[in-house]
1. Is the shape of region 399-551 best called rounded, prolate or oblate, per the rule: a/c under 1.5 gives rounded, else a/b larger than b/c gives prolate, else oblate, with a ≥ b ≥ c the square roots of the Cα gyration tensor eigenvalues?
2. Please work out how much length the chain gains when fully extended from ASP417 to LYS582, using 0.36 nm per residue of separation minus the C-alpha to C-alpha distance, in nm with one decimal.
3. Can you tally the net charge around ILE508? Count Lys and Arg as +1, Asp and Glu as -1, for every other residue whose Cβ sits under 15 Å from the Cβ of ILE508.
4. Within the set of other residues whose C-beta is less than 11 Å from the C-beta of SER466, count the net charge using Lys and Arg as +1 and Asp and Glu as -1.
5. Work out, step by step, the length gained on full extension between LYS206 and MET257: first 0.36 nm times the residue separation, then minus their alpha carbon distance; give nm to one decimal.
6. Quick one: if the Förster radius is 35 Å, what FRET efficiency do ASP125 and ASN69 give, using the C-beta to C-beta distance and rounding to 0.05?
7. Below 15 angstrom from the Cβ of VAL407, what's the summed charge of the other residues (Lys, Arg +1; Asp, Glu -1)?
8. Taking 0.36 nm per residue of sequence separation and subtracting the Cα-Cα distance, how much length would be gained by fully extending the chain between GLN592 and ASP460, in nm to one decimal?
Amino acid sequence: MSLCTCDRVAARAVAVSALSLLAMAGWAVEPGADGTAPYAMIDGEKAAIPDVPMGDPATIAKIIAEGKNNNHVMDWITYISNDIGPRLTGSSNAEKANKWCRDQFEKWGLTIPPFGGATGQTSGDHELRGLWQWKDIPVRFDRGPSTGKVVATRNPNAEKPEYRTVRDMEFTTLAWSAGTDGPVRAPVVKMPENDEQFEAAKDKMKGAWVLVKPPQAGRRGVIGGASARMSLFADIRKKWKGGKTDDAAAPAVDKDMIRYEGTVAGGPMPDGMPLTLDVKLTDPKAVTGTISLGGFRNTEIKEGTFDPATKELKFKTESPRGEREYILTLDGDTLKGKTVLPDNAGTMTYEGKKTAIEEPKKGPTMEERVLALQPAGWILPSSSELVLTGGAPGWDKLDMDNLSPDVIVTVRKSDYDCMNSSIADGVPVEAEFDLKHTFTKGPIPVYDTIAEIKGTEKPDEVIIVSGHLDSWNGPGSQGTTDNGTGSAVTLEAARILAATNAKPKRTIRFILWTGEEQGLLGSVAYVKYLKEQDQLGKISAVLVDDGGTNWEGGLPCVESQVPYLAAATAPVNGVFYSEADKKFLDVNIHKQKVFNQVQGSDHNSFMREKVPGFFWDETGRADYNHTHHTQYDRLDQAIPEYLKQSATCAAVTAYNLACAPDLLPRPTDDEWPRGGRGGGRGGRPGGAPGQQPPSGDAPTPPPGVTPPAGGN
């Protein structure tokens with residue numbers, strides 16, 4: 001729809017009035033090119049701003065001016081990335097970041113709550129103000145400088161051979177897993193796959209790095225990456241400790257279980273990655289089993305049903321990152337199916353054949369036989385040039401006196417290919433890893449950081465602006481786009497509102513979560529606390545920025561929320577122009593029949609209790625998948641113009657919603673996702689360019705403002 005004449009006149013009058021007030025207050029006001037009226041973006045089209053009273057126009061204009069002309073978001077992301085670095089939950093860096101962010105909020109004049117416990121009680125420790133403790137963990141893990149390289153001797157026959165670096169590797173290890181005691185240089189030996197290969201290699205295994213083949217369809221052995229292997233080794237060591245030396249007691253295979261093996265194409269994994277489905281169809285209305293994609297860990301299937309007439313198997317899988325639904329066709333000995341991925345990320349297709357499930361052999365497995373020879377560690381390949389960091393299983397229940405001694409390294413595909421090719425050609429290969437992993441005995445407190453701008457009329461009603469402060473800490477990563485960007489946006493939104501002396505009617509609460517990467521733990525605990533305090537009904541909306549460095553390009557919502565959100569975000573439209581993208585960085589409010597949001601971030605913790613939690617659409621040219629949990633999540637990936645828009649957008653939206661006539665309308669029971677949990681779209685944003693619907697011709701920006709010298 002387009003703006004009618006009366007709408008343009010009314011909108012222009014509001015803008016002119018606001019700018020006049022700013023001029024009288026001493027702010028320098030820049031003349032606009034043609035005085036184009038503000039507009040909303042609804043379902044990808046420019047629209048009249050809905051007639052919903054929002055915040056004070058003069059304050060809104062100040063917020064826009066401060067965010068456009070005096071933005072400090074890059075200062076915060078630079079400090080978080082360079083001076084603090086990656087911020088694993090429970091690490092020293094995470095606690096440093098919690099306190100540094102609290103200190104910034106305090107310096108800007110925000111209200112800092114005086115609590116320090118998981119029930120929100122007042123603490124006598126002044127240092128814990130603003131830190132909401134949601135848990136203690138038994139062991140702290142800090143990762144120091146880590147290196148990995150392929151090496152070769154310059155003079156192998158000398159008494160003390162000199163080594164040169166053949167190749168610097170890019171790699172990762174699980175957080176909370178064993179490192180090395182200084183550099184460990186050793187030959188690389190391929191993992192044997194049968195008795196003959198084992199006999200040939202067993203005398204070379206002690207102290208060597210064991211090179212493990214990538215997962216392949218139909219291949220027996222360990223299904224999974226570093227986490228699955230670490231769990232397997234823990235089970236083996238537990239068995240040894242109990243005095244067992246064989247697998248005579250291994251359970252027999254369930255005779256009703258059917259196995260399909262095949263490949264996956266499309267989506268985030270390279271084509272041809274393995275698929276394994278174990279399924280029990282004896283009760284078609286309650287199908288059970290597991291599925292493994294890409295050779296990663298087996299995931300239990302939920303709500304499985306099988307229709308013998310159509311041959312359709314329907315089920316879903318669930319993880320902290322969200323829920324995924326599957327529809328597969330099991331027709332005799334063949335398996336076929338596809339999954340349409342969210343956020344225009346493509347389609348995954350599955351093909352497979354029925355295979356026999358072998359009875360487990362008695363006696364030690366190949367992994368157990370090699371582990372008993374005491375290798376230096378294990379080298380696993382990534383499926384691409386990206387190496388993704390995760391955490392060790394059972395990280396929050398570690399025993400400092402019984403930490404795993406097993407070193408498991410995952411290297412990028414080209415590093416694996418380099419070593420594997422040389423070995424295949426008969427060329428000896430040596431690798432050196434120096435993994436400075438430090439464990440500290442707890443209890444270690446873990447915190448969310450919280451600060452507020454108190455509401456002037458309804459302080460018990462709250463708008464939450466948030467992002468998660470924790471990150472993974474793999475070698476090379478600075479935790480910039482996941483989620484230093486969202487943290488910096490939250491910080492700058494708070495600073496902008498404080499700098500403009502904004503007086504919202506409702507409280508605006510700024511929260512920097514931790515534990516997000518381990519399953520939304522910090523937000524889940526906080527929601528539980530709010531529920532116990534009967535405060536969830538007073539939360540108007542929760543805004544989460546956690547999609548990387550792209551701009552806050554929109555919000556999905558149900559129809560009743562469109563007027564509020566379109567009016568709240570309209571002041572940002574037509575203001576931030578990108579020379580690189582040749583367009584304005586506008587905010588599109590798009591309605592849906594069901595309140596679906598991207599899954600896998602802290603807004604989901606609120607959605608589970610039917611509180612509107614929003615995950616900002618991240619629109620722009622950045623490729624989020626390139627940095628998400630990888631070695632490339634660094635400061636050079638941050639896009640300043642996008643982050644400036646995001647910080648200003650978050651500030652404007654929060655202020656307007658805090659001044660709206662009522663709380664943001666709640667979705668009806670029929671408009672919530674099934675069971676009120678999470679969103680229906682699943683996964684994280686793909687980060688592909690052009691996610692935002694087309695916005696038509698780019699308008700001329702409205703008049704800008706510049707604050708006077710000497711501050712506000």
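Just so it is clear, none of the values below were taken in a lab; they were calculated from the coordinates. Please read all numbers here as calculations on a predicted model, not as lab measurements. Quick reminder, even Gly has a Cβ in these numbers, built from the backbone with ideal geometry, and neighbours come from all protein chains shown.
1. prolate
2. Between ASP417 and LYS582, full extension yields an extra 55.2 nm.
3. For residues surrounding ILE508, the net value is +1.
4. -4
5. 14.5 nm
6. 0.35
7. Spelling it out: positives minus negatives among the neighbours equals +1.
8. Contour length minus Cα-Cα distance gives 44.6 nm.
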